1. If you stretched the chain out fully between residue 31 and residue 101, how much longer would it get, using 0.36 nm times the residue separation minus the C-alpha to C-alpha distance?
2. Per DSSP H run of at least 4 residues, take -39500 (n - 2.57); add these up for the chain, divide by its residues and hand me the 222 nm value, nearest 500 deg cm²/dmol.
3. Under a Cβ-only charge scheme (Lys and Arg +1, Asp and Glu -1), can you give me the dipole magnitude of the chain about the Cα centre, in debye to the nearest 20?
4. Would you work out the charge dipole size for the range 101-159 about its Cα centre, treating the Cβ of every Lys and Arg as +1 and the Cβ of every Asp and Glu as -1, and quote it to the nearest 20 debye?
5. Hey, what angle do you get for helix 50-75 against the long axis of the chain, alpha-carbon based, 0 to 90 degrees rounded to 10?
6. Consider the candidate values [x] 62, 20, 11; [y] 24, 21, 13; [z] 21, 18, 16; state which one is semi-axes √(5λ) of the Cα gyration tensor in Å computed from the structure displayed.
7. So what does log10 I(q)/I(0) come out to for the range 2-82 at q = 0.13, 0.16, 0.27 Å⁻¹, using the Debye formula with one equal point on every Cα and no solvent?
8. Can you give me the Cα centroid spacing of the range 101-131 and the range 1-45 in angstrom?
Amino acid sequence: MIWFLVFLIGFGILLVFIELLILPGFGAAGVPGCFLVLIGLGVAWWKFGFQTAMTYGGITLVVVIPLAIIGLSIMRSTPAGNAFILRTTQEKSEGFHAPPSELISLVGKSGKALTPLRPAGAALISGHRVDIVTQGEFVPAETEIEVIFVEGSRVVVRSLQ
């Protein structure tokens, strides 16, 4: 019976570790893990007394934590572990990506709002559909607009009416 309780507490601690280190949020493995730990400690306390429950709970905690750390570090090199780990990086040599040159060339050009701008929407400028934003004001659809400036991929316009 005591080994089952040790297993229950240990599995609960392992689920909490998986929740903290692998899965986002707190719930999918963390809540069942907390319940398993509490159930294991509660049953051990009820059957064997408080001192024995805390002793076995503490020993389980001291043994499971290093084993979980070792197991999770080994899991990183397995195909299943790689499914959880993002391996892409952005090199410093790639640097800042400037906005596309076709957006920069729109500065000063005028067009027509295709959708109501509240403050974001779409417009037809130089024959191209462009996602645009105003400086906060509402502009109805079919209104003539002018591109004020381009900031990254954000095209800022003003109404000409």
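Taken together, the values in this text are just the output of simple stated rules run on the coordinates, not laboratory data. Computed from a predicted model, the values in this text were never measured in an experiment. All Cβ positions, even for glycine, are placed from backbone atoms using ideal geometry, and neighbour counts span all protein chains on display.
1. 20.2 nm
2. Value at 222 nm, helices only, nearest 500: -15000 deg cm²/dmol.
3. It comes to approximately 440 debye.
4. Magnitude of the dipole: close to 40 debye.
5. Roughly 50 degrees, rounded to the nearest 10.
6. [x]
7. Summing over Cα pairs of the range 2-82 leads to -0.42, -0.60, -1.20.
8. Answer, in whole Å: 55.
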